[in-house]
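S.K.: What follows is a structure written as structure tokens; I'll ask about it next.
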Amino acid sequence: MKVLFKSVKVVDKHSKWNNQIVDVLISSGRVEKIAKKIAVTNIKSYEFKNACISPSFVDMNASIPEPGLS
């Protein structure tokens, strides 16, 4: 499945796209293409205002107890 995110700001200091507004094409859960404008047809696309995209975050302090316990 492919999804296109349009007009998102890249937040990744290791990327040449950092702090730029771009289109991002996702295919099978992975970034396939990043460009200023991506023209594709017949795929689901979302247009954003003031949205950011970045590598995933992991909460290293999260704790998950046994089911039923808090």
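S.K.: If you check LYS9, LYS13, which single one turns out to be of a type outside the set (Ser, Thr, Tyr) and in a loop (DSSP other than H, G, I, E, B)?
M.R.: On the way: LYS9 fails: in a loop (DSSP other than H, G, I, E, B).
Result: LYS13 is the single residue among LYS9, LYS13 that is of a type outside the set (Ser, Thr, Tyr) and in a loop (DSSP other than H, G, I, E, B).
S.K.: Write out, first by first residue and then by second, each pair whose Cβ atoms fall under 7 Å of each other, whose residues are 6+ apart or on separate chains, and whose first residue, in region 27-53, is within 11 Å of MET1 (Cα to Cα) while the second is open to solvent by 100 Å² or more (accessible area, probe 1.4 Å) and modelled with pLDDT under 95.
M.R.: SER28/MET1
S.K.: A follow-up question, please. Take the conditions open to solvent by 70 Å² or more (accessible area, probe 1.4 Å) and among the β-branched types (Val, Ile, Thr) and apply them to VAL58. Does it pass?
M.R.: Details: open to solvent by 70 Å² or more (accessible area, probe 1.4 Å): yes; among the β-branched types (Val, Ile, Thr): yes.
Taking the combined requirement at face value, the residue satisfies it.
S.K.: Something else now. Quick check on region 37-52. Is at least one of its residues outside any loop (DSSP other than H, G, I, E, B) and among the aliphatic types (A, V, I, L, M)? Full working, then the answer.
M.R.: Step one: of region 37-52, the residues outside any loop (DSSP other than H, G, I, E, B) are 44-47, 52.
Subset that is among the aliphatic types (A, V, I, L, M): none.
No - not one qualifying residue is present in region 37-52.
The values are calculated or read from the model by the stated rules, or taken from the named source; none is laboratory data. If you're wondering where the values come from, they're calculated on a predicted model, not measured in any experiment. Note that each Cβ is placed from the backbone with ideal geometry, even for glycine, and that neighbours are counted across all protein chains shown. Calculation scope for accessible area: heavy atoms of the full protein, side chains included, ligands and nucleic acids excluded. Shrake-Rupley method; radii C 1.70, N 1.55, O 1.52, S 1.80 Å.
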